[in-house]
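Read-outs throughout are calculated quantities, based only on the coordinates presented, and are distinct from any laboratory measurement. On a predicted model such as this, the values are computed, not experimentally measured, just so you know. Heads up, the Cβs are rebuilt from the backbone with ideal geometry, glycines too, and the neighbour counts pull from every protein chain shown.
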Amino acid sequence: MGLTDTTPAFIYRESPDHPGWMTWDLVDPTRFNSLFGPFLLKVDGKMALVRMTPQRVHTNLSGRIHGGALLGFIDIALFAASRGFGLIEAGTAVTLDLSVQFIGAGTADLVLEAQVEMLKETGRLLFLRGLIVQGDERIASFSGTIRKPTKPS
């Protein structure tokens, strides 16, 4: 599936099944993000909540969410949150750094939620931090920096 320069990479719209939440889905289902979606997004003040529903494919041999799956979700959640804050559309923004501390183990039977806070925005950078939670359990904490896309001239 080829996208043109005018085709948006993501669909961002109100969720018909979850009032008060937005969906944030990649248009091209053959891309990496599609391994984790669909995503739900809600901005609550200075906090963006990003949800994914884990599946068996996201688990390791012990039946817990694989660390790599958590890292992928966290990276995607940084961009979804930034979109929810109205700071980027997506596309050519990139992750400059991502630091994660695994503090619990998630399972595939409950929704994972990234609680993402914007720390600072500069002309080119977004500094964010947050937690991954599942129910009342804290699964991971993280911080990351995104370089915003270059504006077309």
Checklist line | All lysines inside 20 Å of residue 151 as judged from Cα atoms, apart from same-chain residues fewer than 8 positions distant | finding: 120
Item checked: Residues 142, 102, sorted so that the one with the fewest Cβ neighbours within 10 Å comes first -> 102, 142
Notebook entry, point to check: So how much slack lies between residue 21 and residue 110, counting 0.36 nm per residue of separation and subtracting their Cα-Cα distance, in nm?
Noted result: 30.3 nm
Check: residue 151 to residue 47: FRET efficiency via 1/(1 + (r/R0)^6), r the Cβ-Cβ distance, R0 30 Å, to the nearest 0.05?
Finding: 0.65
Note to self: Neighbour counts of other C-beta atoms within 10 Å: give me 143, 82 arranged from fewest to most.
What the structure shows: 143, 82
